[in-house]
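See structure below.
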Amino acid sequence: MAIELMELPYEQNALEPIISKETIEYHYGKHHKNYVDTANRLLKDSNFDDDALLIDIIKNSDGALFNNAAQVFNHNFYWLSLNPEPIAIPPKLNKLINRDFGSMENFKNEFEDKALSLFGSGWVWLELDVKEKLIITQRGNADNPLIHLHTPLLTIDVWEHAYYIDYRNDRKKYFEELWRLIDWKFVASNIVDYYHDLTEPCMENSQLCDYIDMLQHLNEPTT
Ligand code: MN
C-alpha cells in the first residue's frame, strides 16, 4: 500500500483566522501532497515492501526517502495537533507539564524560545525522552523524535511555508496565535499510542503509569 495523503480532520477554512484557507491550500494541498508523491516515487525503487508502514520506512531509510517519508509523518502529526474547537488540557497532562517545566507559562515560553531560535527550516516538538521526562526539542528539516527513540506528543511546523502567507516573517506572532488551536487531548493520547501499548511493563516508580491507565479507561466503552 502506498503512503497516503491523510484527510484533514477539519474543513480547510476551519482554522481561520489563525491559519487561513489559502495557507492550508498550499501547505496541505501542495507541500504535504508533494512529500507524499515524492516518497511514493522513491519507494518504488527501494527495497521496502509495498505494505511497509510509514513508521518503519522512517526508521529504516536515509537520504531523500527518509526526508520525504518523515515529512509526511511530521505533517500528519502537525495537522492532528491542531483543532478548531478549544480543547482543555487534561489535568494529569497539566501536572506532568508542571512537573517538568515548573508551570504552563514556563513551558510555553520555552516552546516559543526554541521556535524562534531554530535557524532555518524545521520543527519544534514536545516529546517524552527515554527516561519519561517531557522535553522540548528543535529538530531541523525532516528530523523526527521516533528515530531518537523518543515519543512524539506535539509538533509545530517552523518551515516558512507554514506561516508566510498569514504572518509573513513574523514567526513569533504565528506561535503566539497557535496556542489557541492546540488539541491537548491529541497530545495526551500520544502518550498511550506511542509510549505504552501496555504490553510493556511500566518503569519502576513511573509517574506516567497512572496517567496512561486513566487515558486507557477514558477510551473504553461506557455501556
Ligand atoms: Mn510544512
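The values are calculated or read from the model by the stated rules, or taken from the named source; none is laboratory data. Bear in mind that the values here come from a model prediction, so they are computed numbers and not experimental data. Cβ placement follows ideal geometry from the backbone for every residue including glycine, while neighbour counts extend to all protein chains displayed.
Within the option set Asn13, Asn40, Asn47, Asn34, being within 15 Å of the ligand (Cβ to nearest atom), farther than 30 Å from Ile212 by Cβ and surrounded by fewer than 18 Cβ atoms within 10 Å (Cβ to Cβ) holds for one residue only, Asn34. Of all residues in segment 52-63, none satisfies being surrounded by 20 or more Cβ atoms within 10 Å (Cβ to Cβ), assigned by TED's automatic domain parsing to the domain that holds Leu181 and assigned to a helix (DSSP H, G or I). Of all residues in segment 158-176, those satisfying the criterion of being under 15 Å from Glu16 (Cα atoms) and under 17 Å from the mean Cα position of the chain (by Cα) are Ala162, Tyr163, Tyr174, Phe175. Residues in segment 112-160 that are outside any loop (DSSP other than H, G, I, E, B), under 21 Å from His32 (Cβ atoms) and of a type in the set (Ser, Thr, Tyr): Thr155 only. The residues of segment 16-25 that are part of a helix (DSSP H, G or I) and surrounded by fewer than 16 Cβ atoms within 10 Å (Cβ to Cβ), listed by number, are Lys21, Glu22, Glu25.
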